[in-house]
1. What are the extents of the Cα atoms of the range 76-220 along their three principal axes, listed from largest to smallest and rounded to whole Å?
2. Out of these labelled values of mean projected area of the Cα convex hull in nm², [x] 29.0; [y] 17.0; [z] 18.0, which was calculated from the coordinates shown here?
3. Can you give me the % of accessible surface on the range 141-267 that is carbon or sulfur? Probe 1.4 Å, all protein chains present, nothing else counted.
4. Sort 196-207, 158-169 by the packing proxy (mean of other Cβ within 10 Å over each peptide's residues), most packed first.
5. Using the beta-carbon distance between A17 and Y116 and R0 = 41 Å, what value does 1/(1 + (r/R0)^6) give for FRET efficiency, to the nearest 0.05?
6. Short version: ³J(HN,Hα) in whole Hz for each residue of the range 47-55, in order, from phi by Karplus 6.51 cos²θ - 1.76 cosθ + 1.60 (θ = phi - 60°), x for Gly and Pro, what are they?
7. On C-alpha positions alone, give me the angle between the axis of helix 195-221 and the longest principal axis of the chain, in degrees, nearest 10.
8. Pairs of alpha-carbon atoms within less than 8 angstrom and 6+ residues apart define the contacts here; what relative contact order does the chain have, in percent?
Amino acid sequence: MERPASRRSRVTAVVVALAVLIIVFAILVPPLSVLGKADLVGYAICHQIPERSFVLAGRQLPLCARCTGTFLGAVLGLTAMLLLRRYHASRLPPVPVLVVLVFFVAFWGFDGVNSYMTLFPGAPHLYEPRNWLRLTTGLLNGLALVLFVYPIFNFTLWQEPSKERVIRNLWELLAFLPLVALLVLVTQAEIDVLLYPLAMLSSLGVVMMLTLIHGMVAVVVMGREGTARTWRDAVTPLTVGLASAILEILVMVLIRNYLTARFGLPF
């Protein structure tokens with residue numbers, strides 16, 4: 001009789017093999033260009049309204065200003081965790097920092113609702129939306145999201161997660177604000193040479209966040225909670241998470257294509 005451990009190993013091998021095939025397929029399927037891939041990611045999750053997007057070198061970024069900010073903010077937050085060597089940090093920030101992070105998310109939502117109202121002629125709104133403000137609220141929101149998701153991911157994955165907080169105090173959080181301001185200034189300046197870096201980083205931010213979330217789901221479904229000791233042990237759930245993220249993006253592209261053709265959506 002086959003042992004449960006042996007059966008689980010076989011199932012895991014099959015799942016990982018399928019995940020690798022999905023990743024390879026996504027790399028090889030058209031569009032093959034870097035910007036084409038980035039546009040596809042943007043098409044899956046963003047309205048891509050031209051008036052609400054930045055244009056560099058005569059080309060619209062894959063994500064609108066708000067989404068560009070959100071996923072650049074996520075990349076900024078994760079990069080900071082790696083530079084601070086908080087690889088396994090599994091504790092949320094202290095309460096004062098959490099309050100500020102919740103404010104960041106609420107600010108993003110409030111500005112989004114105000115901006116959305118302007119799509120309807122004559123609808124009331126408090127102020128005229130601006131792309132730099134969409135970008136700013138997006139950056140703060142993306143930073144907050146990754147600081148929520150990253151410690152939960154670590155707690156789910158690692159056998160011995162660090163009890164360190166991802167952000168220790170308000171001063172550490174405030175240190176991000178000059179970087180946020182710099183990203184706002186650089187992005188809204190629409191410097192042509194930054195087309196590829198901004199397009200790639202923002203679209204990779206989408207894939208990164210989805211991979212972290214799907215990776216956590218994979219850990220739970222595969223019964224591997226709290227088992228990873230090294231990054232080598234994390235390869236399997238992260239590979240499955242990446243493949244699941246790619247599948248979600250492809251499904252969203254197909255749904256949007258269908259809705260556009262079926263109902264004639266303007267974007």
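1. Largest to smallest, the principal-axis extents are 55, 36, 33 Å.
2. [y]
3. Looking at the range 141-267 in its full context, I get 70 percent from C and S.
4. Listed from highest to lowest mean packing, they are 196-207, 158-169.
5. Rounded to the nearest 0.05, the efficiency is 0.40.
6. 5, 6, 5, x, 5, 10, 10, 8, 10
7. Its long axis makes an angle of about 40 degrees.
8. 28 percent
The values are calculated or read from the model by the stated rules, or taken from the named source; none is laboratory data. Please read these numbers as outputs of a predicted model, since none were measured by experiment. Quick reminder, even Gly has a Cβ in these numbers, built from the backbone with ideal geometry, and neighbours come from all protein chains shown. Accessible surface areas use protein heavy atoms only, side chains included; no ligands, DNA or RNA. Shrake-Rupley method; radii C 1.70, N 1.55, O 1.52, S 1.80 Å.
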